[in-house]
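Q: Quick one: the structure is below, questions incoming.
The values are calculated or read from the model by the stated rules, or taken from the named source; none is laboratory data. Just so we're clear, the structure is a prediction, and the values are computed from it rather than from any experiment. Glycine also receives a Cβ, built like all others from the backbone with ideal geometry; neighbour counts cover every protein chain displayed.
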Amino acid sequence: MTMPNLVIALTKGRILDEVLPLLAQADIVPAEDISLSRKLIFDTNLAHVKLMVIRGSDVPTYVEFGSADIGVVGKDLLLEYGDEAFYEPLDLDIARCRLMTAEPIGRAAPVGRLRVATKFVNIAKRYFAEQGVQIELIKLNGALELAPSMGLADAIVDIVDTGKTLTANGLEAKDFIAHVSSRIIVNKASMKIKNAAIREILDKLSTAVANRAA
Ligand code: PRP
């Protein structure tokens, strides 16, 4: 039986180093060293499987529209994007961290509306609305930890792993919003049309995740 072509969109950066060993256990190995290349799409040992390596925030878009069949992306970005547009069948349990609010250590309560800087605008809107707190949202794309000390915001919403970045910038974590880890997402049409090929990969990845946890 010829296998249908499959495109897997991977998140570049930290997640990639952790996901490649799991893919290898699912018998998918890039044909060349991704870290040494400027390419964005890679052949693998399997003729029908290709790997794309892109920004995490673009993975849901490629998978929603079917340009990629499968994606690997952090739950933070899925919460921000909305998770209706694809299936999310597997938690890879890697790149674990937390979505938190943070503010300057010992900060006095701000006068007026809380100014919150974040790249996770939908998550922040939802979270503070649930708390009944009125905020002014300030969208940034990175280095959020700088915003409070530069007078741009009273608080931030960001991912926290060791907490070192917060501490180094005079901030402390306050409210827990969500646990984050890398997830597999699958395009809804691909799941039907290429079911056998996708199931095979999902099964092998689940086994790899379970073996690692054991
Ligand atoms: C994330 C996050 C924090 C940092 C937290 O940035 O935005 O800056 O990690 O880690 P820590 O608690 O261990 O210090 P990342 O390096 O993923 O890059 P980003 O700025 O693109 O999000």
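Q: Identify all residues within region 120-175 that are touching a residue at least 60 places away in the same chain (Cβ under 8 Å), buried (at least 17 other Cβ atoms within 10 Å of the Cβ) and not hydrophobic (A, V, I, L, M, F, W, C); write none if there are none.
A: Filtering region 120-175 down to residues touching a residue at least 60 places away in the same chain (Cβ under 8 Å) leaves 159-161, 166, 170-175.
Pick out the ones that are also buried (at least 17 other Cβ atoms within 10 Å of the Cβ) and you get 159-160, 166, 171.
Passing the criteria: none in range.
Q: Suppose we keep only residues that are within 21 Å of Val121 (Cβ to Cβ) and assigned to a helix (DSSP H, G or I) within region 159-175. Which one would you say is nearest to the ligand (Cβ to nearest atom)?
A: Out of the qualifying residues, it is Thr165.
Q: Hey, could you check region 179-193 for residues that are surrounded by 15 or more Cβ atoms within 10 Å (Cβ to Cβ) and part of a strand (DSSP E or B) and say which is farthest from the chain's Cα centre (by Cα)?
A: Asn187
Q: Ok, one more. Can you report the number of residues in region 103-134 which are in contact with a helix residue (DSSP H, G or I) (Cβ under 8 Å, 6 or more places away or on another chain) and outside any helix (DSSP H, G or I)?
A: As a first pass, look at region 103-134 and keep what is in contact with a helix residue (DSSP H, G or I) (Cβ under 8 Å, 6 or more places away or on another chain): 114, 116-123, 134.
Next cut, outside any helix (DSSP H, G or I) only: 114, 116-120, 134.
Residues that pass the stated criteria total 7.
Q: Might you let me know whether region 135-158 holds any residue that is touching a Ser or Thr at 6+ places or on another chain (Cβ under 9 Å), assigned to a helix (DSSP H, G or I), modelled with pLDDT of 95 or more and charged (D, E, K, R)?
A: Yes, there is a match, as at least one residue in region 135-158 is touching a Ser or Thr at 6+ places or on another chain (Cβ under 9 Å), assigned to a helix (DSSP H, G or I), modelled with pLDDT of 95 or more and charged (D, E, K, R).
Q: Does region 176-190 contain any residue that is touching a residue at least 40 places away in the same chain (Cβ under 8 Å), under 17 Å from Ile94 (Cα atoms) and within 13 Å of the ligand (Cβ to nearest atom)?
A: First, the residues of region 176-190 that are touching a residue at least 40 places away in the same chain (Cβ under 8 Å): 176-190.
Now drop any that are not under 17 Å from Ile94 (Cα atoms), which leaves 178-185.
From what's left, within 13 Å of the ligand (Cβ to nearest atom): 180, 182.
Within region 176-190, one or more residues are touching a residue at least 40 places away in the same chain (Cβ under 8 Å), under 17 Å from Ile94 (Cα atoms) and within 13 Å of the ligand (Cβ to nearest atom).
Q: Against the conditions (1) closer than 26 Å to Thr167 by Cβ; (2) buried (at least 22 other Cβ atoms within 10 Å of the Cβ), where does Pro110 fall short? Just the number, please.
A: Failed condition: (2).
Q: Any residue that is closer than 16 Å to Leu6 by Cα, polar (S, T, N, Q) and either surrounded by fewer than 16 Cβ atoms within 10 Å (Cβ to Cβ) or under 10 Å from the mean Cα position of the chain (by Cα) (or both) - is there at least one of those in region 54-63?
A: no
Q: Among the numbered conditions (1) among the β-branched types (Val, Ile, Thr); (2) crowded, with 21+ Cβ neighbours inside 10 Å; (3) under 30 Å from Thr2 (Cα atoms), tell me where Thr101 comes up short.
A: (3)
Q: Please tell me if Met3 is in contact (Cβ under 8 Å) with a residue 40 or more places away in the chain, away from the ligand (no atom under 16 Å from the Cβ) and touching a His at 6+ places or on another chain (Cβ under 6 Å).
A: Working: in contact (Cβ under 8 Å) with a residue 40 or more places away in the chain: yes; away from the ligand (no atom under 16 Å from the Cβ): yes; touching a His at 6+ places or on another chain (Cβ under 6 Å): yes.
In short, yes.
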